Amino acid sequence: MTDIRHSLTESLRLEVRSEGLLAVCFDAMASPCEVLLPAQHRSDAIEIGSVVANEAWRVERKYSRYRKDSVVSVIHRSRGSRIVVDDETASLIDFAQHCFDISNGMFDITSGVLRAVWHFDQSDRLPEPSDIQRLLPLIGFQKLHWRRPVLMLPSDMELDFGGCGKEYAVDRAYGLLATRYAEPFLINFGGDLRANQAPPSDTWKIGIERPDTIREASMVLELEQGALATSGDSHRYLMRNGTRFGHILNPLTGWPVPAAPRSVTVAASSCTEAGLLSTLALLKGAEAEQFLGDSGVRYWVNR
Amino acid sequence: MQLKPGREVSSAALRQRLMAASCALLSATGVRAQASDASPPFNGLLENLSVDSAVAYYHEDGRIQAVEPIVNVAKTFANGDALDVNFTFDSLSGSSPNGALPSHSAQTFASPSGKVGHSYTTAPGQLPVDPNYEDDRVALSANWTTPVTRVTDVTVGAKVSGEDDFFSVTLSASLAHDFNDKNTTVSGGLYNEFDSLKPIGGAPAPGSDYALADKTGNRTKDGVGILLGVTQVMTRNWLSEFNLSVDRFHGYLNDPYKFTSILDASGATTGYQYESRPDQRLRKSAYWENRVAWDSLSTALSLRYMSDDWSVHSETAQLRVRWNLPGGQSYIEPTIRWYRQTAADFYMPWIVETEKLNSPYESSDSRLDAFHALTYGVKYAHKLGPLGPLASSEFNVRVEYYQQKYQNPSTNLADLQGLDLYPELKAVLVQFGWRY
């Protein structure tokens with residue numbers, strides 16, 4: 001924690017963007033992150049960047065699967081026994097439970113164990129169906145013992161907040177900044193973003209990555225305020241005999257959702273909500289557009 | 001919670017629920033943003049331990065005063081069990097009404113011990129009170145709650161309370177069950193209380209003449225009660241709770257230090273007799289509370305109705321408003337409480353010796369009289385920041401003013417004219433608290 005704080009100013013980069021905008025950039029959660037603000041507020045940039053970056057790093061430290069001192073690691077080490085989790089973690093688990101319930105089990109923070117057999121490296125190496133069958137008993141939120149604040153994770157199961165962590169971090173950073181800063185800003189963590197108000201240049205223009213290219217905006221969305229989140233990764237797939245297997249896995253079968261869009265972008269009032277809607281849309285496969293249309297949200301689907 | 005195949009949620013409804021869930025997540029974790037940075041996610045012994053302590057000073061105008069320290073310690077264990085321990089110490093001193101009426105002449109009473117020389121005299125026109133009233137009470141209670149399933153809790157508890165002349169043990173057990181996505185909690189419980197009375201000088205025979213001092217050692221009473229409750233989350237910021245309870249007490253239900261003036265036909269006091277209450281009391285009560293929270297305001301409105309087979313019926317209405325001050329560290333909480341009760345059917349402020357009593361029971365205890373009362377109070381609390389030795393603890397101060405008025409018809413008895421027979425009661429409570 002201390003070393004991150006010390007290197008804070010080195011970890012933040014200022015970039016001048018078009019249309020009179022300035023970006024404070026940093027890396028977190030394996031994504032390029034930035035806060036955009038009108039260039040005339042340059043003097044605020046480092047302070048604003050620090051608030052946002054510190055929150056992003058805090059959420060990452062706390063919920064990363066890869067850090068031994070994260071809450072997730074502590075939970076994993078305590079498998080089979082009941083532990084008391086802190087308030088923030090409890091609220092996240094409550095949220096995950098709601099999402100599990102309303103998606104009839106399609107959104108499940110225990111489905112991460114499937115990573116052990118699925119490697120979406122664009123090859124044709126599909127896992128053995130028997131290996132998938134072996135993992136299915138380890139999936140299912142209803143198998144957890146969860147009575148806030150007490151959690152018991154059964155042996156061999158895993159928790160993964162990756163499905164909502166980045167969006168949650170955006171909303172948290174947004175909340176911290178919005179209470180102390182009244183000028184226009186936009187927080188963008190790897191394509192999940194939220195803005196408080198339109199910049200003087202009229203709207204925030206957001207490039208959404210095109211399915212088959214990297215960092216080349218194919219589609220520019222305009223946003224005044226609110227949140228956008230994108231789910232899907234066009235580079236993570238397997239291809240066998242002409243069939244594409246996207247990386248969106250159905251936790252009930254352990255197999256990729258057939259006919260899932262390559263990416264879905266949703267606009268909503270919070271990034272968490274937008275992210276969940278886009279994830280649920282991907283899980284609907286061929287019915288993604290119908291689902292989004294019925295939800296009454298603004299959305300963009302790439303197939 | 002269980003997966004129900006075939007139960008399809010419409011997209012629009014799903015979005016509503018998702019919005020609500022997101023809001024709940026983001027608002028629940030909004031506070032103390034950076035505080036969680038400072039502390040590791042799991043701590044040792046102090047984690048999930050809360051301490052609520054207070055010292056209250058209670059003063060009745062011209063009568064009792066009490067100092068009461070209270071400590072409540074609650075801890076949730078990693079396996080989901082929760083322990084709640086409450087310790088109270090009461091030190092009462094001052095003057096307590098003995099039940100006799102004021103009179104135009106001085107009245108002399110023996111102290112309950114009956115020892116020679118232990119007596120007190122009440123001046124003409126004054127309400128007779130025992131000026132040497134003194135009592136220390138120690139009470140300790142503990143409740144243990146354990147989850148038996150994901151949605152069912154069992155609680156068992158015990159309470160002991162002791163004074164010089166009184167000892168009480170209560171055992172209780174209850175079951176709470178959540179359903180409807182934990183939006184509804186239904187609970188049921190039973191309790192059993194055993195009391196033993198060891199009045200100074202012995203327990204007087206009910207209805208016996210004061211001068212005879214017909215006292216017979218120690219007595220007991222016991223009670224059994226049942227409680228049923230429903231708590232319902234109505235909306236995200238509205239919680240409603242409804243409870244019904246019935247209890248039945250049996251045994252020596254008299255106050256051994258209370259007696260009733262006996263008057264002649266003109267109203268002059270000629271003697272006293274100890275009170276005589278029925279040896280059973282069946283009480284039913286209903287309680288309804290609604291708590292509603294807005295941005296910086298939250299309110300709790302509660303209504304209680306109680307009725308017993310002594311014809312005492314009471315109603316209580318209480319409104320509490322908590323106003324969170326800007327900055328989020330302090331709040332002010334004004335309270336107003338209104339109370340009214342009817343008299344017990346055997347309540348009589350005096351006995352006229354020439355009139356035949358139409359009941360074997362009588363008591364002049366003003367707590368069984370008809371009265372109404374108003375309490376006004378305000379509490380101010382300040383919570384310290386997340387750093388420092390007393391981090392995140394709350395200090396609070398509460399002041400309440402209580403005013404009680406009796407409702408009795410006037411009397412024609414000549415000797416009682418010009419006397420304040422039912423003096424109003426006023427009391428002040430000041431409480432200082434610390435909670436962690």
Partner chain coverage, peptide A:78-87 - average Cβ within 10 angstrom: 4
Region B:79-87 - phi-based ³J(HN,Hα) in whole Hz, Karplus 6.51/-1.76/1.60, Gly and Pro as x: 7, x, 5, 9, 10, 10, 10, 10, 10
Simple spin-label estimate for residue B:200 and residue B:55 in nanometres, 7 Å along Cα-Cβ: 2.6 nm
Chain B, relative contact order [Cα under 8 Å, separation at least 6], %: 12 percent
Given charges at beta-carbon only (K, R positive; D, E negative), |dipole| of region B:144-426 in Debye: 1180 debye
Dipole of region A:203-303, positive direction: furthest Cα of A:248, A:291, A:277, with charges on the beta-carbon: A:248
Using alpha-carbon coordinates, inclination of helix A:165-178 to the longest axis of chain A, degrees: 30 degrees
Local net charge near residue B:403, Cβ-Cβ under 9 Å (Lys/Arg +1, Asp/Glu -1): +1
Average beta-carbon neighbours from other chains, 10 Å sphere, peptide A:165-177: 2
Peptides ranked, highest mean first, by Cβ atoms within 10 Å: ranges B:398-404, A:144-150: A:144-150, B:398-404
About the Cα centre, charge dipole magnitude for region B:265-382 (Lys/Arg +1, Asp/Glu -1 at Cβ), debye: 600 debye
In sequence order, calculated HN-Hα J values of region B:352-357 (Karplus, 6.51, -1.76, 1.60; Hz; x Gly/Pro): 8, 5, 7, 9, 6, 6
Debye, to nearest 20: dipole size of the protein assembly as shown, +1 on Lys, Arg Cβ, -1 on Asp, Glu Cβ: 2020 debye
Most mobile of B:295, B:135, B:247 in a GNM of chain B (Cα contacts under 10 Å): B:295
Projected label distance in nm at residue B:224 and residue B:268, using a 7 Å step from Cα toward the beta-carbon: 5.2 nm
Per-residue HN-Hα couplings for region B:408-421 [Karplus 6.51, -1.76, 1.60; θ = phi - 60°; Hz; x = Gly/Pro]: 10, x, 6, 10, 9, 4, 4, 6, 8, 5, x, 9, 7, 6
FRET efficiency for residue A:179 and residue A:61, using Cβ-Cβ distance with R0 set to 30 Å, rounded to 0.05: 0.85
Around residue B:306: net Lys/Arg minus Asp/Glu count, Cβ-Cβ under 9 Å: +1
Dipole-positive endmost among B:399, B:225, B:188 within the protein assembly as shown (Cβ charges, Cα centre): B:188
Candidates B:177, B:382, B:118: whichever shows maximal mean-square fluctuation once chain B is modelled as a Gaussian network with Cα springs under 10 Å: B:118
Nonlocal amide H pairs with residue A:206, under 5 Å, H built at 1.01 Å: A:221, A:222, A:223
Per-residue average of Cβ from other chains inside 10 Å of A:150-157: 2
Efficiency of FRET from Cβ geometry, residue B:301 and residue A:143, R₀ 56 Å, rounded to 0.05: 0.85
Ordering of A:118-130, A:51-63 by burial proxy (mean other Cβ atoms within 10 Å per residue, highest first): A:51-63, A:118-130
Region A:203-303 - percent relative contact order, Cα under 8 Å, separation 6 or more: 25 percent
For region A:239-268 versus region B:293-367, the gap between their alpha-carbon centres in whole angstrom: 64 Å
FRET efficiency, residue B:186 to residue B:290 (Cβ-Cβ, R0 25 Å, nearest 0.05): 0.90
Spin-label model distance (nm) - residue B:340 vs residue B:233, 7 Å beyond Cα toward Cβ: 3.7 nm
Three-way shape label, region A:203-303, alpha-carbon gyration tensor, a/c 1.5: oblate
Cα-based reach from residue A:205 at 28 Å (exclusive), listing lysines while leaving out same-chain residues under 8 positions away: A:166
Furthest towards positive pole of dipole, A:116, A:146, A:96, structure part region A:68-159, Cβ charges: A:146
Ordering of A:78-88, A:266-276, B:138-148 by packing [mean C-beta count within 10 Å, highest first]: A:266-276, A:78-88, B:138-148
Residue exposure sequence - B:284, A:68 - by fewest surrounding Cβ within 10 Å: A:68, B:284
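Just so you know, all these numbers are worked out from the coordinates, no wet-lab data involved. Keep in mind the model is a prediction, meaning the values are calculated, not measured. Quick reminder, even Gly has a Cβ in these numbers, built from the backbone with ideal geometry, and neighbours come from all protein chains shown.
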